[in-house]
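Notes follow once the structure below has been shown.
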Amino acid sequence: MLRVKRILREFVNFIKGINQAIIEDSVSALQLEHNELEAAFLTMVLGSLVGVTTLSPILSLELLGTLKNEIKILENRAARGEDVLGDLMASLGGEW
């Protein structure tokens, strides 16, 4: 009887572990998708200001107000210079 309880407890813990792994994988996939959509939005809005015609310049200027945080991120990247490896590690998440 004790052996059956132990086996069932281990099985339940195994299922909980799989559930937690699926949740963590889903969250990381959603974060990656969010970053990609944000980059596409930035390209659409700021693209016309640098010569890539995606939106009209007037519409781009109207949407600039919503991009305050993204512009700050771009400024920080410009101040850091060409820290490609640092950006790559930051995009992977976690504390390095």
- Taking Ser28 as the residue in question, decide whether it is in a helix (DSSP H, G or I) and more than 17 Å from Leu74 (Cβ to Cβ). yes
- Item | Gly65 vs. criteria among the small types (Gly, Ala, Ser) and either modelled with pLDDT under 65 or outside any helix (DSSP H, G or I) (or both) | no
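Name every residue in segment 51-72 that is among the aliphatic types (A, V, I, L, M) and under 19 Å from Asn35 (Cα atoms), in order of residue number.
Selection gives Leu63, Leu64, Leu67, Ile71.
The values are calculated or read from the model by the stated rules, or taken from the named source; none is laboratory data. Because the structure is a prediction, the values reported are computed rather than measured. FYI the Cβ positions are ideal-geometry reconstructions off the backbone, even for glycines, and counts take in every protein chain you see.
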